[in-house]
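Visitor: Structure provided below as structure tokens; questions to follow.
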Ligand SMILES: [Zn+2]
């Protein structure tokens with residue numbers, strides 16, 4: 001009898017164990033319609049963890065008369081599959097095209113779920129995914145673990161160029177910028193039909209921007225100025241909430257200028273990198289998640305350039 005109970009207890013444990021394991025690996029994506037036939041799946045403003053599975057990025061889709069356009073595919077095969085599932089719950093239209101905005105892993109590692117359709121990206125982006133994709137994938141396995149199971153690099157197979165295209169009744173303007181990913185490697189899409197600007201990672205909103213590939217903060221600032229001249233009603237950042245205001249652009253502008261000033265002044269004062277990493281974040285950026293952590297990374301990426309520039313000027 002005791003043995004029998006023990007057996008049931010063990011079965012219960014096994015059952016609970018598998019439930020506990022299966023449940024957290026559900027991305028539970030909830031798309032929100034932000035403009036006619038235009039949906040965004042908003043990610044958390046967090047860093048990659050084994051809890052969030054890399055669901056820290058915004059993805060989007062536009063349902064057109066000629067099928068669905070998918071804008072970024074997320075951080076893993078599992079995410080891509082979940083995204084495709086929620087798209088099929090919103091529309092019976094087939095997937096027409098997929099776009100990868102840039103080469104960072106949270107934006108393209110869901111591509112495998114769309115292996116049967118054309119995947120578009122800027123030529124520079126395709127080159128960067130080719131050269132770095134494997135290393136990014138390995139790193140993602142380390143950072144988010146089991147969520148990545150089965151994820152491999154699937155390269156975009158179509159080159160997207162700048163210019164205007166009419167697809168399924170939507171007039172889309174494709175533009176290449178450089179501030180976040182390097183020379184002409186940041187795709188931005190303006191849907192002139194709905195007024196939605198998909199800025200991708202040129203805009204982080206209430207989440208500190210990341211700098212591993214920026215050619216320079218002033219280049220990025222120039223791109224933000226260019227975006228602010230565009231005629232749009234709704235702004236979709238790569239990370240952070242969708243808004244109908246220009247607040248994200250103002251925040252980007254202020255934040256980039258502050259970062260540049262901190263790095264310039266610190267170099268002039270002869271501070272070492274570890275001192276700059278501890279600079280306090282101004283109160284006006286209190287809503288910006290992960291500002292202190294990203295400052296440390298930014299210092300390691302960019303501070304040597306600022307030190308070099310200071311020495312070149314002084315001697
Ligand atoms: Zn990025």
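Visitor: Could you tell me how many of the residues in the stretch 168-213 are in contact with a strand residue (DSSP E or B) (Cβ under 8 Å, 6 or more places away or on another chain) and at pLDDT below 95?
Guide: Going through the stretch 168-213 one residue at a time, the tally reaches 0.
Visitor: Is it true that residue 83 is in contact with a helix residue (DSSP H, G or I) (Cβ under 9 Å, 6 or more places away or on another chain), more than 22 Å from residue 44 (Cβ to Cβ) and at pLDDT 95 or above?
Guide: It is false that residue 83 is in contact with a helix residue (DSSP H, G or I) (Cβ under 9 Å, 6 or more places away or on another chain), more than 22 Å from residue 44 (Cβ to Cβ) and at pLDDT 95 or above.
Visitor: Condition test on residue 155, is it in a strand (DSSP E or B) and either surrounded by fewer than 16 Cβ atoms within 10 Å (Cβ to Cβ) or within 14 Å of the ligand (Cβ to nearest atom) (or both)?
Guide: Here the answer is no, as residue 155 does not meet what is asked.
Visitor: How many residues does the stretch 91-118 hold that are within 16 Å of the ligand (Cβ to nearest atom) and touching a helix residue (DSSP H, G or I) at 6+ places or on another chain (Cβ under 9 Å)?
Guide: The number of residues fulfilling the criteria is 11.
Visitor: Considering only the stretch 94-116, state which residues are surrounded by 18 or more Cβ atoms within 10 Å (Cβ to Cβ) and not in a helix (DSSP H, G or I).
Guide: Selection gives 95, 96, 97, 98, 99, 100, 101, 102, 103, 104, 109, 110.
Visitor: Pick out, from the stretch 172-287, the helices (runs of 4 or more DSSP H) lying fully within it that include 1 or more residues that are within 16 Å of the ligand (Cβ to nearest atom).
Guide: Hits in the stretch 172-287: 217-228, 247-268.
Visitor: Going through 67, 80, 74 one at a time, which residue ends up being away from the ligand (no atom under 16 Å from the Cβ) and at positive phi?
Guide: 67
Visitor: Give the stretch 243-288 a look and list any residue that's surrounded by fewer than 20 Cβ atoms within 10 Å (Cβ to Cβ) and closer than 29 Å to residue 174 by Cβ, or say none.
Guide: Once the filter is applied, which keeps residues that are surrounded by fewer than 20 Cβ atoms within 10 Å (Cβ to Cβ) and closer than 29 Å to residue 174 by Cβ, the stretch 243-288 yields 243, 244, 245, 246, 247, 250, 253, 254, 257, 260.
The values are calculated or read from the model by the stated rules, or taken from the named source; none is laboratory data. Quantities reported herein were computed from a predicted structural model and do not represent experimental measurements. Ideal geometry is used to build each Cβ from the backbone, glycine not excepted, and the neighbour counts take in all protein chains shown.
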